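Chemist: Please see the structure below; I have some questions.
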Ligand code: SF4
Ligand code: SF4
């Protein structure tokens, strides 16, 4: 079992908010609805009320509508820990879930069945009509490379096991080019972030305990998906480090061939901004000679956070539109370091993890 952690109470967390409103322009739901109740400040006021007046029941629609994107936290001058407050509140007041969301959450926690389902999806994908293709077709996968490394463990995740397979192998290729190595512990699973945001604290705790055991004895866990980092930081039991940031620390050992004037567009996920890893990606890509990089302007959350494309497809689409509209017309590839964003943004043009792109130009 995980050692007990002392966390501030919900009331204490909510009290940190000084109600300045500086987070409001950064909140995607406030941007669409223009209502205080759909803003971080409005939700914190509701969560404070729920904490101070326990026993309230009912459907808290505006709280359920929060994407958990953490953009409000990045903007907050008072360092309000919004996500821990949201996770604690949802554990007591879970959002209303559709049967599809419940089924996906169950599947995320049962990885061998999830991988089987995605393998089947890959096989039938060409036969399906576009409305039955909620996700891009997964690429074929192979066994994880053998490694005896005991310092670095790579986080594999749930849907990322299949969808991030190539990016993970690209990362190992880049890491080995710097003289370092990493292992892929098999007993790990989903980070539990989707379960936490859905108020399924028991399931999230079980996933956290499995990951804690899987990473025991390693010096650090390297994570490719910025969206998985928060949940892992609470469970891994060892330091959790962004894979791109780790590689950046060894970047002088990497040699790249020319990209011959290729133009790529770089998307910065909300969670990468929150964790401060957005700038690192640009610095790493800039080491590839003759590569033109356009950094997408911040047009807001792409709508791909957690289960949001499933729970509110219309709003997820509305949030995606300005992101794709900002992609320059001559770009042939979009790079994004978070798996949820890549799965959501894929379709109009190919989307890749920056690590996969970098490994392609390794000299
Ligand atoms: S987590 Fe995102 S959607 Fe939720 S209140 Fe904060 S900015 Fe708004
Ligand atoms: S969450 Fe932070 S930025 Fe938003 S109103 Fe409260 S103190 Fe201000």
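Chemist: Any residue in segment 68-81 that's free of Cβ contacts under 8 Å to residues at least 60 places away in the same chain: show its pairings with residues that are crowded, with 20+ Cβ neighbours inside 10 Å and part of a helix (DSSP H, G or I) at Cβ separation under 7 Å, as long as the two are six or more apart or on different chains.
Modeler: Qualifying pairs under 7 Å: 72/26; 72/40; 72/82; 75/26.
Chemist: Against the definition (within 16 Å of ligand 2 (Cβ to nearest atom), touching a residue at least 12 places away in the same chain (Cβ under 8 Å) and more than 30 Å from residue 216 (Cα to Cα)), how does residue 51 come out, yes or no?
Modeler: For residue 51, the condition - within 16 Å of ligand 2 (Cβ to nearest atom), touching a residue at least 12 places away in the same chain (Cβ under 8 Å) and more than 30 Å from residue 216 (Cα to Cα) - is met.
Chemist: Would you list the helices (runs of 4 or more DSSP H) that sit entirely within segment 255-359 and hold 3 or more residues that are more than 19 Å from residue 226 (Cα to Cα)?
Modeler: 313-325
Chemist: A further question follows. Which of (1) part of a loop (DSSP other than H, G, I, E, B); (2) within 20 Å of residue 230 (Cβ to Cβ) does residue 44 not meet, given it meets every other one?
Modeler: The failed condition is (1).
Chemist: Among the numbered criteria (1) closer than 20 Å to residue 169 by Cα; (2) without any contact (Cβ under 8 Å) to a residue 40 or more places away in the chain; (3) touching a strand residue (DSSP E or B) at 6+ places or on another chain (Cβ under 6 Å), which one does residue 248 miss?
Modeler: With (1) closer than 20 Å to residue 169 by Cα; (2) without any contact (Cβ under 8 Å) to a residue 40 or more places away in the chain; (3) touching a strand residue (DSSP E or B) at 6+ places or on another chain (Cβ under 6 Å) applied to residue 248, the lone miss is (3).
Chemist: Taking segment 281-308, which residues are modelled with pLDDT of 95 or more and exposed (fewer than 15 other Cβ atoms within 10 Å of the Cβ)?
Modeler: Listed by number, the residues that qualify are 286, 289, 290.
Chemist: Would you mind finding the one in 139, 167, 117 that is surrounded by fewer than 18 Cβ atoms within 10 Å (Cβ to Cβ), within 22 Å of residue 347 (Cβ to Cβ) and touching a residue at least 24 places away in the same chain (Cβ under 8 Å)?
Modeler: Within the list 139, 167, 117, the selection yields 139.
Chemist: Only residues that are surrounded by 19 or more Cβ atoms within 10 Å (Cβ to Cβ) and touching a strand residue (DSSP E or B) at 6+ places or on another chain (Cβ under 6 Å): list them for segment 332-351, please.
Modeler: Listed by number, the residues that qualify are 334, 335, 336, 342, 345, 351.
Chemist: Can you name every residue in segment 233-244 that is surrounded by 19 or more Cβ atoms within 10 Å (Cβ to Cβ) and assigned to a helix (DSSP H, G or I)?
Modeler: Once the filter is applied, which keeps residues that are surrounded by 19 or more Cβ atoms within 10 Å (Cβ to Cβ) and assigned to a helix (DSSP H, G or I), segment 233-244 yields 234, 235, 243, 244.
Chemist: Among the residues of segment 187-232, write down those that are surrounded by fewer than 18 Cβ atoms within 10 Å (Cβ to Cβ) and over 28 Å from residue 101 (Cβ atoms).
Modeler: Within segment 187-232, 216, 217, 219, 220 qualify.
Chemist: Okay, moving on. If you scan segment 51-72, which residues turn out to be outside any loop (DSSP other than H, G, I, E, B) and surrounded by fewer than 21 Cβ atoms within 10 Å (Cβ to Cβ)?
Modeler: 51, 52, 61, 62, 63, 64
Chemist: Which of the numbered conditions does residue 78 fail, given that it passes all the others? Conditions: (1) buried (at least 18 other Cβ atoms within 10 Å of the Cβ); (2) within 16 Å of ligand 1 (Cβ to nearest atom).
Modeler: Condition (1) is where residue 78 drops out.
Chemist: Within segment 4-34, can you find the residues that are more than 10 Å from ligand 1 (Cβ to nearest atom), part of a loop (DSSP other than H, G, I, E, B) and under 19 Å from residue 89 (Cβ atoms)?
Modeler: 5, 6, 7, 8, 9, 16, 17, 19
The values are calculated or read from the model by the stated rules, or taken from the named source; none is laboratory data. Just so you know, these numbers come straight off a predicted model, no measurement behind them. Quick reminder, even Gly has a Cβ in these numbers, built from the backbone with ideal geometry, and neighbours come from all protein chains shown.
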